[in-house]
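Read through the structure below, which is laid out as structure tokens, and then see the notes.
Read the figures in this text as sums done on the coordinates, not as results from a lab. Everything numeric in this text was worked out from a predicted model, so none of it was measured. So basically every Cβ, Gly included, is an ideal-geometry build from the backbone, and we count neighbours across all protein chains shown.
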There are 2 protein chains.
Amino acid sequence: MTEKPHVLIHSAWYEPAMRRLDELAVTHHLYEAEDEAAFLAEIGPKCSVIGTMHYCPASLMDAVPDLKLVLNFGVGYDGVDVAEATRRGVKVVNTPAVLNDCVADMALSMTLGGRRHLVQADRYARAGRWPVEGDYPYTLNVHSTKVGILGMGRIGMEIADRCKAFKMDISYHQRTKRNDVSYRYYGDLEAMARDVDILIAIIPGGDATRGLISEAVIEALGPEGLLVNVARGTVFDNDALARCLKDGRLGYAAIDVYPDEPNIPPSLLEITDNLTLTPHMASGTHYTRNAMGMVLYDNLKAMIEGRPLLTQVN
Amino acid sequence: MTEKPHVLIHSAWYEPAMRRLDELAVTHHLYEAEDEAAFLAEIGPKCSVIGTMHYCPASLMDAVPDLKLVLNFGVGYDGVDVAEATRRGVKVVNTPAVLNDCVADMALSMTLGGRRHLVQADRYARAGRWPVEGDYPYTLNVHSTKVGILGMGRIGMEIADRCKAFKMDISYHQRTKRNDVSYRYYGDLEAMARDVDILIAIIPGGDATRGLISEAVIEALGPEGLLVNVARGTVFDNDALARCLKDGRLGYAAIDVYPDEPNIPPSLLEITDNLTLTPHMASGTHYTRNAMGMVLYDNLKAMIEGRPLLTQVN
């Protein structure tokens with residue numbers, strides 16, 4: 001019987017699924033260490049696998065000289081230096097597909113909540129304003145609107161399926177047109193923003209999409225427009241967003257992701273009337289977090305048994 | 001040219017549509033009167049039409065002896081004494097159909113917001129808890145759940161159409177089984193509540209449905225269950241709901257309607273962690289309120305021109 005591999009777990013993920021790795025491996029939990037450097041120096045050389053949530057720069061790989069595999073909890077792996085991993089012959093896996101439904105659900109939750117002012121209406125009711133000031137002001141509707149999806153990948157397709165049930169007219173933008181969908185394609189994001197009522201961002205992060213949703217795009221969406229971001233905090237110009245929400249150039253925004261998580265830009269925190277803020281939780285359900293953890297489990301098992309990895313990205 | 005009819009408007013509805021009645025009639029706005037009794041005594045005898053939002057008891061009809069038509073802004077008319085109107089030969093119209101989409105959208109907004117804790121997550125983010133306490137706790141998912149719709153009328157059908165896009169398994173309860181839908185029918189509400197994750201109420205109010213969602217039904221929904229009410233405040237036992245939310249027998253509720261609007265029961269207001277409260281706004285969009293107002297306009301026009309009414313309920 002071969003010895004169990006050692007896994008360095010940089011950051012904890014869904015506990016019940018993470019703990020199941022102990023069936024397959026000896027796990028070492030860096031995030032529990034008092035002295036991280038000492039822990040890494042002692043444990044790193046024993047390990048052949050790193051488990052992480054979106055974080056694995058070359059410096060972390062340096063501490064694990066026999067590294068063979070990086071398990072990334074999440075579909076986005078912009079914090080993992082995949083080019084460097086590839087150079088070192090290290091394989092990287094992520095957890096695609098299993099989170100599509102919950103992220104799409106959250107995108108719709110923020111779309112519906114944003115258009116119908118769920119957060120603000122709850123505040124209004126709880127502040128006792130209804131009997132004093134009368135009905136909550138009329139809001140904009142969801143059904144029969146035009147939605148533009150920025151990123152028509154697997155999650156974008158799930159979002160589009162849901163939007164159809166709300167009788168929405170669907171467009172999308174990304175670098176290349178898909179030949180297998182009939183939704184309206186825009187080669188230019190600003191042109192799409194000008195034509196739609198609602199813009200939902202679900203593109204990958206990283207340098208290729210940094211600042212893509214510029215002030216001009218936000219302005220094009222307009223004073224009755226809604227911007228939903230369940231992608232990455234880097235795809236936005238957050239200061240421009242704050243300015244446009246404050247002076248009415250944009251109607252409403254619902255944001256789940258930020259450039260410097262877990263910190264939320266103060267310029268956004270101070271906006272209450274036309275902004276919903278959630279702490280990066282689009283995939284944050286028991287159902288999905290467990291499923292994501294089990295994808296990593298299954299990949300580790302495949303590596304141990306000499307089978308091909310299931311969700312390799314490099 | 002015949003004289004314009006006089007319309008007594010008891011309560012104001014969507015202003016731009018309400019003001020268009022002036023094209024057809026002489027309108028008198030009771031809600032603007034300083035002395036309502038004096039206003040009614042002077043104006044009532046001139047009028048042949050009453051316009052109202054859900055309120056027209058026999059006593060109001062008494063003030064309008066030549067009453068021929070009641071225009072009720074809203075699909076629900078449980079505050080209009082229709083039996084009495086019929087006895088007097090008075091016709092009653094409501095505004096069905098045009099609000100189906102917005103009410104269904106709101107039902108889904110509350111369903112998605114409730115399951116994914118949109119209101120609570122926004123509070124958590126704004127209170128600065130994310131960097132201090134870590135990620136928001138995992139929530140329950142929306143997709144692939146079982147939903148029970150209480151009232152499979154026109155709005156219920158719209159809700160079901162939307163739920164399908166979230167891959168939900170759909171059941172319904174009402175007095176009689178529909179022969180034209182394939183959704184699972186339950187003759188017993190408590191049995192349905194026991195089997196589903198989410199219960200959405202969209203049945204008419206009035207005596208026939210008073211207290212239908214009893215403590216036993218709420219308990220049957222259970223500690224992971226979600227209750228959404230976009231129907232009427234009378235269909236609930238609000239005190240039982242408060243008790244079940246407090247002691248965990250029910251997971252979450254999202255409520256748009258109350259027994260004594262615009263007052264919200266204090267027992268509900270004090271519950272913050274597992275309850276969304278909105279001030280009766282399911283149809284409260286510009287789009288729908290305008291459309292509802294135009295249904296009343298079209299009915300009044302039909303009466304004046306001697307054509308059949310469009311949405312008569314008696």
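Computed values, structure above
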{"read-out": "Separation of the A:Asp66 and A:Arg243 label points, Cα + 7 Å toward Cβ, nm", "value": "5.5"}
{"read-out": "Value of [θ]222 nm, deg cm²/dmol, for chain B, DSSP H segments ≥ 4, -39500 (n - 2.57) each, nearest 500", "value": "-10000 deg cm²/dmol"}
{"read-out": "Peptide A:158-168, shielding by other chains (average Cβ, 10 Å cutoff)", "value": "4"}
{"read-out": "Nearest-0.05 FRET efficiency for B:Arg175 and B:Ala83, computed from C-beta distance (R0 25 Å)", "value": "0.80"}
{"read-out": "For the range A:185-230 versus the range B:64-128, the gap between their alpha-carbon centres in whole angstrom", "value": "34"}
{"read-out": "Nearest-20 debye value, the protein assembly as shown charge dipole, Cβ charges on Lys, Arg, Asp, Glu", "value": "1820"}
{"read-out": "At 7 Å out from Cα toward Cβ: A:Ser59 inter-copy label distances (nm, ascending)", "value": "7.6"}
{"read-out": "Residue and distance (whole Å) for the chain A Cβ nearest the axis that superposes A on B", "value": "A:Ala165, 2"}
{"read-out": "7 Å along Cα→Cβ, label-point gaps from B:Pro308 to other copies, nm, shortest first", "value": "6.6"}
{"read-out": "Rg/Rh for the range B:113-204, where both radii come from Cα atoms and Rh is the Kirkwood radius", "value": "1.12"}
{"read-out": "Efficiency of FRET between A:Asp135 and B:Arg210 - r from beta-carbon atoms, R0 25 angstrom, step 0.05", "value": "0.55"}
{"read-out": "Distance (nanometres) between label positions extended 7 Å along Cα→Cβ at A:Lys46 and B:Arg307", "value": "8.4"}
{"read-out": "Space enclosed by the convex hull of the alpha-carbon atoms of the protein assembly as shown, per residue, Å³", "value": "183"}
{"read-out": "Among B:Thr52, B:Thr209, B:Thr276: highest mean-square fluctuation, GNM of chain B, C-alpha pairs under 10 Å", "value": "B:Thr209"}
{"read-out": "Per-residue mean of C-beta atoms belonging to partner chains within 10 Å, peptide B:269-280", "value": "4"}
{"read-out": "Among B:295-301, A:156-162, the order from most to least packed when residues are scored by Cβ within 10 Å on average", "value": "A:156-162, B:295-301"}
{"read-out": "Computed FRET value (nearest 0.05) for B:Ser144 with A:His29, which takes r as the C-beta separation and R₀ as 45 Å", "value": "0.90"}
{"read-out": "Square roots of 5 times each gyration tensor eigenvalue, C-alpha, chain A, largest first, Å", "value": "40, 21, 18"}
{"read-out": "Order of B:Tyr138, A:Tyr55 - criterion: other Cβ atoms within 10 Å of each residue's Cβ, fewest first", "value": "A:Tyr55, B:Tyr138"}
{"read-out": "Convex hull volume per residue for the range B:100-277, taking Cα atoms only, in Å³", "value": "116"}
{"read-out": "Label point 7 Å beyond Cα along the C-beta direction, distances from A:Ser267 to other copies (nm, shortest first)", "value": "4.8"}
{"read-out": "Under the Karplus curve 6.51 cos²θ - 1.76 cosθ + 1.60, θ = phi - 60°, whole-Hz ³J(HN,Hα) for the range B:180-187, x wherever Gly or Pro sits", "value": "10, 10, 9, 5, 5, 9, 10, x"}
{"read-out": "Simple spin-label estimate for B:Glu224 and A:Arg19 in nanometres, 7 Å along Cα-Cβ", "value": "1.7"}
{"read-out": "Whole-Å distance, taken between Cα centres, linking the range B:1-27 and the range A:1-52", "value": "74"}
